[in-house]
Amino acid sequence: MNEPNIVCPHVVLHDGERPKLMGSRCADCRELYFPPAANCTRCLSRTLQPAEIGDRGTLWSWTVQAFLPKAPYDGGETPETFTPYGVGYVEMPSGIKVEARLSVADEASLRIGMPMRLALATYGVGGRRTFVFEPEPEA
Amino acid sequence: MSTDDVAIIGIGLHPFGRTDGVSGRAQGAAAVRAALADAGLRWDQVGIAYGGSQDAGNADALCNDLGLTGVPFVNVANGCATGGSALASVIAAIRSGVAEIGVAVGFDKHPRGAFNPRPRDWGLEDWYGLTGLMLTTQFFALKIRRYLHEHGIGEDALVRVAQRAYANGALNPLAWRRSAMAYETIAQSTPLNPPLRQFMFCSPAEGGAAIVLCRASLARRFQAKPVLVRAAVVRTRRHGSFEVFSPSLAAQAAPAPTVEASRAAFEAAAVGPGDIHVLQLQDTDSGSEIIHMAENGFCEHGEQDRLLRDGSTLIGGRLPINTDGGCIANGEPVGASGLRQVVEVCTQLRGQAGARQVPGRPRLGYTHVYGAPGVSAVTILEGVGA
């Protein structure tokens, strides 16, 4: 299944109900990489294979991008139309931490350790989409 | 002094901040001339030079300003660690016998506002920049948020670092920010990337800094108060360290390059953190300085809260940090910043720091610079002047 307007299609896998992140794994030392890497900076191997990074984790650190970034950001907003967005590292079950935009930017609703899940969302005003992490809905 | 020791015999600064109408290169040239004058030397006596500038042109174009003498001049581009890398290279060159007298120089003139790097220059995919993840300020915020959480440090520590930086800057006639700032003003300034706020960040700026060095056995010919280089070490990141512009972090964390550079420097100098009388730590933002206090071995992780509260890091304290106001009060012209640190520590060790002089005749000083994408440079310096 192809998702339209995704700026990073090769790191997002759709083979089930929810999207997953794709990276790579070193065939020699088993280290995980996101996005996929061509060589292993840990053991110096050059044999890496595609690997799923997953779709769920816990918030490891976070901030809010409160000012409009300069290029290369291409969200297309002006300082007047810019809305702050959350940014965080999410620790996946394997231990790798993935940096991503967050679906929320409200400081009161973000805390280290909270469960997060992957989603796809538009950013800025141009209709372009990327992966984000959102708080796991309460059971 | 052993035969391969190297000494600093000249220091020069062009004031940091904003100097409209003066190019970055002209500011670098002014710094070199000031450093040469301090050592009573001419540019045509210099046998080797290393220099860097991120946004103000090729450093070796300085030869057009200073004189075309045939000197081997190497351009250095190591981000915020450019100055430290240039200095370590000059020291290695003098030690190896390539030259007797060398110059390290850095200068810059950045546009206003945060830097805007290009993903491909850093080996990253375009989407990382397009989607708004490639900002140094975000990295600083994400790193210090996690660090404060892991080590039980309150956000007021971030305010205290900035407060001391502005207070020291107010005592430094060459600083950019020369007014002390109230705790509340810093604590209530605009959040840019929380927990970091506007007045907790240094700003890209302009300025120049230069150092003249020679074989230590020759030092007193040129300088009554030479400063001996006891160690100068550069290290880059290992797999697993938490660096700027990282789309992911490895499951198993590794120590920062600063930890390795610091340990190697202390070992080379055969001294410990407790022996240092005055120090400079990279304070791109308040949080970085807090992390660097522990990474350089000056305290345990988590101990910073107390040291910042009880005045230990003030000019009159046991551990005077960033006595000239650091990056926060001086701004950061990337090429020059690491050498400003060395100029300040030399000024302190020579007893020439005026209103901001560390009392009690400091003898051993320490400088630490850290830059993208994970480079750290440390020096340990000893004042040997009368």
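Yes or no, residue by residue, for (1) open to solvent by 20 Å² or more (accessible area, probe 1.4 Å); (2) at pLDDT 95 or above; (3) within 30 Å of B:GLY152 (Cβ to Cβ); (4) β-branched (Val, Ile, Thr):
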{"position": "B:CYS327", "(1), (2), (3), (4)": "no, yes, yes, no"}
{"position": "B:GLN348", "(1), (2), (3), (4)": "no, yes, no, no"}
{"position": "B:ALA353", "(1), (2), (3), (4)": "no, yes, no, no"}
{"position": "B:GLN357", "(1), (2), (3), (4)": "yes, yes, no, no"}
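Which one of these is at pLDDT below 95 and aliphatic (A, V, I, L, M): B:VAL271, B:VAL259, B:VAL278, B:VAL244? Write out each step before concluding.
Working: B:VAL271 fails: at pLDDT below 95; B:VAL259 fails: at pLDDT below 95; B:VAL278 fails: at pLDDT below 95.
Being at pLDDT below 95 and aliphatic (A, V, I, L, M) holds for just one of B:VAL271, B:VAL259, B:VAL278, B:VAL244, which is B:VAL244.
List, please: which pairs have Cβ atoms under 6 Å, are six or more places apart or on different chains, and start with a residue in region B:62-77 that is assigned to a loop (DSSP other than H, G, I, E, B) and end with one that is aliphatic (A, V, I, L, M)?
Pairs found: B:VAL71/B:VAL46; B:VAL71/B:ALA49; B:PRO72/B:ILE48; B:VAL76/B:ALA86.
Is it the case that some residue within region B:295-314 is surrounded by fewer than 24 Cβ atoms within 10 Å (Cβ to Cβ) and of a type in the set (S, T, N, Q)?
yes
Just to be sure before I move on: is A:LEU32 in contact with a Cys (Cβ under 7 Å, 6 or more places away or on another chain) and surrounded by 14 or more Cβ atoms within 10 Å (Cβ to Cβ) in the structure I sent? Lay out the reasoning, then the answer.
Numbers: in contact with a Cys (Cβ under 7 Å, 6 or more places away or on another chain): no; surrounded by 14 or more Cβ atoms within 10 Å (Cβ to Cβ): yes.
When the stated conditions are applied, A:LEU32 does not pass them.
Each row is one residue, and each column tells you yes or no for (1) over 14 Å from B:THR284 (Cβ atoms); (2) of a type outside the set (Lys, Arg); (3) assigned to a loop (DSSP other than H, G, I, E, B).
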{"residue": "B:PHE139", "(1), (2), (3)": "no, yes, no"}
{"residue": "B:ARG146", "(1), (2), (3)": "yes, no, no"}
{"residue": "B:LEU158", "(1), (2), (3)": "no, yes, no"}
{"residue": "B:ALA165", "(1), (2), (3)": "no, yes, no"}
{"residue": "B:PRO173", "(1), (2), (3)": "yes, yes, yes"}
{"residue": "B:ALA180", "(1), (2), (3)": "yes, yes, yes"}
{"residue": "B:GLU184", "(1), (2), (3)": "yes, yes, no"}
{"residue": "B:LEU192", "(1), (2), (3)": "no, yes, no"}
{"residue": "B:PHE199", "(1), (2), (3)": "no, yes, no"}
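With the condition kept exactly as written, say whether any residue in region A:10-21 is more than 10 Å from chain B (Cβ to nearest Cβ) and hydrophobic (A, V, I, L, M, F, W, C).
First, pick out the residues of region A:10-21 that are more than 10 Å from chain B (Cβ to nearest Cβ): A:12-20.
Next, from what is left, pick out any that are hydrophobic (A, V, I, L, M, F, W, C): A:12-13.
Yes: region A:10-21 contains one or more residues that are more than 10 Å from chain B (Cβ to nearest Cβ) and hydrophobic (A, V, I, L, M, F, W, C).
Could you list all residues from region B:82-125 that are open to solvent by less than 10 Å² (accessible area, probe 1.4 Å), under 19 Å from B:CYS214 (Cβ atoms) and β-branched (Val, Ile, Thr)?
Those that are open to solvent by less than 10 Å² (accessible area, probe 1.4 Å), under 19 Å from B:CYS214 (Cβ atoms) and β-branched (Val, Ile, Thr): B:VAL90, B:ILE91, B:ILE94, B:VAL103, B:VAL105.
Pick out, from region B:223-319, the helices (runs of 4 or more DSSP H) lying fully within it that include 2 or more residues that are away from chain A (no Cβ under 14 Å) and more than 30 Å from B:MET134 (Cβ to Cβ). Spell out how you get there, then give the answer.
Values: elements: B:257-269, B:286-295, B:304-309.
Ranges flagged: B:257-269, B:304-309.
Report whether or not A:ALA108 is away from chain B (no Cβ under 11 Å) and on the phi < 0 side of the Ramachandran plot. Outline the logic, then answer.
Values: away from chain B (no Cβ under 11 Å): yes; on the phi < 0 side of the Ramachandran plot: yes.
Yes; evaluated as a whole, the condition is true for this residue.
I'm told B:THR69 meets every condition in (1) more than 14 Å from chain A (Cβ to nearest Cβ); (2) among the hydroxyl-bearing types (Ser, Thr, Tyr); (3) open to solvent by 20 Å² or more (accessible area, probe 1.4 Å); (4) within 21 Å of the chain's Cα centre (by Cα) except one. Can you identify the failing condition by its number?
(4)
Of all residues being open to solvent by 20 Å² or more (accessible area, probe 1.4 Å) and hydrophobic (A, V, I, L, M, F, W, C) in region A:73-105, which is nearest to the chain's Cα centre (by Cα)? Just the residue, please.
Top of the filtered list is A:VAL104.
Might you check whether a residue that is open to solvent by less than 10 Å² (accessible area, probe 1.4 Å) and facing chain A (nearest Cβ under 8 Å) occurs anywhere in region B:159-174?
No, the conditions are met nowhere in region B:159-174.
Can you confirm whether region A:59-69 contains a residue that is more than 9 Å from chain B (Cβ to nearest Cβ) and touching a strand residue (DSSP E or B) at 6+ places or on another chain (Cβ under 7 Å)?
yes
Can you confirm whether A:GLY76 is assigned to a loop (DSSP other than H, G, I, E, B), on the phi > 0 side of the Ramachandran plot and more than 7 Å from chain B (Cβ to nearest Cβ)? Can you show your working first?
Details: assigned to a loop (DSSP other than H, G, I, E, B): yes; on the phi > 0 side of the Ramachandran plot: yes; more than 7 Å from chain B (Cβ to nearest Cβ): yes.
Judged against the criteria, A:GLY76 is a match.
Looking only at region A:37-56, filter to residues that are touching a Leu at 6+ places or on another chain (Cβ under 7 Å) and open to solvent by less than 50 Å² (accessible area, probe 1.4 Å); which one of those is nearest to B:LEU130 (Cα to Cα)?
Looking at residues that are touching a Leu at 6+ places or on another chain (Cβ under 7 Å) and open to solvent by less than 50 Å² (accessible area, probe 1.4 Å), I get A:ALA37.
So which residues in region A:114-139 are facing chain B (nearest Cβ under 9 Å) and open to solvent by 40 Å² or more (accessible area, probe 1.4 Å)?
A:ARG128, the sole residue that qualifies.
Within region B:23-47, track down each residue that is aliphatic (A, V, I, L, M) and closer than 16 Å to B:ASN64 by Cα.
We begin by selecting, within region B:23-47, every residue aliphatic (A, V, I, L, M); these are B:26, B:29-32, B:34-37, B:39, B:41, B:46.
The answer is B:ALA26, B:ALA29, B:ALA30, B:ALA31, B:VAL32, B:VAL46.
Cβ-Cβ distance below 9 Å, separation of 6 or more or different chains: which pairs start in region A:80-105 with a residue that is within 10 Å of A:SER61 (Cα to Cα) and more than 7 Å from chain B (Cβ to nearest Cβ) and end on one that is open to solvent by 40 Å² or more (accessible area, probe 1.4 Å) and among the polar types (S, T, N, Q)?
A:VAL90/A:THR58; A:GLU91/A:THR58
Being farther than 30 Å from B:SER217 by Cα and in contact with a Cys (Cβ under 8 Å, 6 or more places away or on another chain) is the filter here; which residues of region B:227-256 pass it? Walk me through how you get there before you give the answer.
Our first condition is that a residue be farther than 30 Å from B:SER217 by Cα; within region B:227-256, this holds for B:236-256.
Result: no residue meets the conditions.
Kindly list, by first and then second residue, each pair from a residue in region A:38-55 that is closer than 21 Å to A:ARG117 by Cβ to a residue that is at pLDDT below 95 and open to solvent by less than 70 Å² (accessible area, probe 1.4 Å), limited to pairs with Cβ atoms under 6 Å and residues at least 6 apart or on different chains.
So the pair list comes out as A:ASP55/A:ARG18.
The values are calculated or read from the model by the stated rules, or taken from the named source; none is laboratory data. The model shown is predicted, which means the values in this text are computed figures rather than measured ones. Virtual Cβ from ideal backbone geometry, glycine too; neighbours counted across all protein chains shown. All accessible areas refer to the heavy atoms of the entire protein, side chains included, with ligands and DNA or RNA removed. Shrake-Rupley method; radii C 1.70, N 1.55, O 1.52, S 1.80 Å.
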